[in-house]
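Report on one structure; see the data block that follows.
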Amino acid sequence: MSTIIGISGSLRSKSYNSALLRAAAQLMPAGVTLEIASIKGIPLYDGDLEEQQGLPTVVTALQDRIAQADGLLLVTPEYNNSIPGVFKNAIDWLSRGDNAKKVFLNRRVALIGASPGGFGTILSQQAWLQVLRTLQTRPWFEGRLQVSRAGSVFDANGELIDDKIRAQLKDFLHGFGNFVGGA
Ligand SMILES: Cc1cc2nc3c(=O)[nH]c(=O)nc-3n(C[C@H](O)[C@H](O)[C@H](O)COP(=O)(O)O)c2cc1C
């Protein structure tokens with residue numbers, strides 16, 4: 001049995017990206033579990049805070065969860081054609097401290113994202129690549145999922161209502177699940 005930690009990069013209660021993550025958790029292939037984690041409560045990175053108090057508990061707890069898992073799924077919004085600050089801030093904190101290597105080094109990781117616009121987070125996903133390389137992760141590149149026009153893909157309750165996207169998400173998770181479970 002493999003475990004993937006999934007993190008949405010939005011704090012918004014009606015977030016399309018969080019809705020996509022919840023949908024993913026329902027569509028996992030046999031033998032792979034997707035556990036949903038959150039960046040809520042992670043403070044703005046502050047080197048003084050780190051020096052004086054170390055890493056916040058909310059950060060070390062998330063580090064431990066990722067370190068114990070077999071893979072990491074980042075579900076990213078796109079802001080101004082790049083990574084939203086809140087999400088990057090969370091990853092920056094996670095990259096600090098004695099456990100950072102256990103979190104990211106060789107970590108099997110994949111990216112998906114949703115946007116109400118027509119390009120489905122393509123530039124945000126592109127921007128993540130240099131971060132994933134710097135962190136020495138092991139990204140899975142065989143699949144792509146960029147959900148555009150998210151306003152018609154999810155209903156008002158955040159349920160995935162688009163059959164084509166559901167099939168694409170399922171395929172993506174199957175491929176990433178194999179990668180995470182493999183050697
Ligand atoms: C500051 C800001 C910048 C944005 N820039 C983009 C953008 O470059 N491309 C895009 O597709 N959507 C952009 N959007 C719209 C977001 O995709 C939209 O707000 C989306 O719902 C955010 O993800 P969420 O639903 O998971 O919170 C932007 C939104 C904000 C607040």
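Some values worked out for this structure:
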read-out: Hits in region 7-36 (condition: away from the ligand (no atom under 13 Å from the Cβ), under 18 Å from Val109 (Cα atoms), not aliphatic (A, V, I, L, M) and not in a loop (DSSP other than H, G, I, E, B)); value: Thr33, Glu35
read-out: Residues within region 130-147 that are over 20 Å from Leu21 (Cα atoms) and in a helix (DSSP H, G or I), tallied; value: 4
read-out: Residue within region 171-183 that is open to solvent by 100 Å² or more (accessible area, probe 1.4 Å), farther than 19 Å from Arg107 by Cβ and either in contact with a helix residue (DSSP H, G or I) (Cβ under 9 Å, 6 or more places away or on another chain) or within 16 Å of the ligand (Cβ to nearest atom) (or both) present; value: no
read-out: Matching residues, region 52-77, being open to solvent by 50 Å² or more (accessible area, probe 1.4 Å) and assigned to a loop (DSSP other than H, G, I, E, B); value: Asp70
read-out: Candidate set: region 100-119, residues that are surrounded by fewer than 17 Cβ atoms within 10 Å (Cβ to Cβ) and not in a helix (DSSP H, G or I); chosen: the one nearest to the ligand (Cβ to nearest atom); value: Gly117
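The values are calculated or read from the model by the stated rules, or taken from the named source; none is laboratory data. All figures in this text were calculated on a predicted structure; none of them were measured in a lab. All Cβ positions, even for glycine, are placed from backbone atoms using ideal geometry, and neighbour counts span all protein chains on display. Surface areas here come from the heavy atoms of the whole protein model, side chains and all, with no ligands, DNA or RNA. Shrake-Rupley method; radii C 1.70, N 1.55, O 1.52, S 1.80 Å.
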